[in-house]
Amino acid sequence: MDSNKIDCFKCRNFYITWDSKFPYGCRGLGFKSKALPSREVKIASGTECLKFIKKPDIRK
């Protein structure tokens, strides 16, 4: 994986939905999708996601 790519699983806005057709969601941009939201944003806009907010690291 490219180190510049955004990892949705490390974003506060990312969530898993109960919708089997659209299992991934982004609260920051307000949508659900089949693919990871960061990938959908990259395809649609050509830029990396601007709503990425890193989750705090819970491991110490």
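Bear in mind these aren't lab numbers, they're just calculated from the coordinates by the rules spelled out. As the structure is a computational prediction, the values presented were derived from the model and not from experiment. A quick note on method: Cβ atoms are made from the backbone with ideal geometry, for glycine too, and the neighbour counts reach across all protein chains shown.
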What number of lysine-lysine pairs in the chain show an alpha-carbon separation below 16 angstrom, given a sequence spacing of 8 or more or placement on distinct chains?
13
Along the charge dipole of the chain, which of 23, 56, 38 sits closest to the positive end, that is, farthest toward it, with unit charges on the beta carbon of Lys, Arg, Asp and Glu (+1, +1, -1, -1)?
56
For Rg and Dmax of the Cα atoms in Å the list reads (1) 13.4, 49; (2) 11.7, 37; (3) 13.2, 39; the calculated value is entry (2)
Taking Lys and Arg as +1 and Asp and Glu as -1, residues besides residue 15 with C-beta under 10 Å from its C-beta add up to +3
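Stretched out fully, how many nm does the piece from residue 19 to residue 53 gain, at 0.36 nm a residue minus the Cα gap?
On the way: separation 34, 0.36 × 34 = 12.24 nm, distance 2.36 nm.
That works out to 9.9 nm of additional length.
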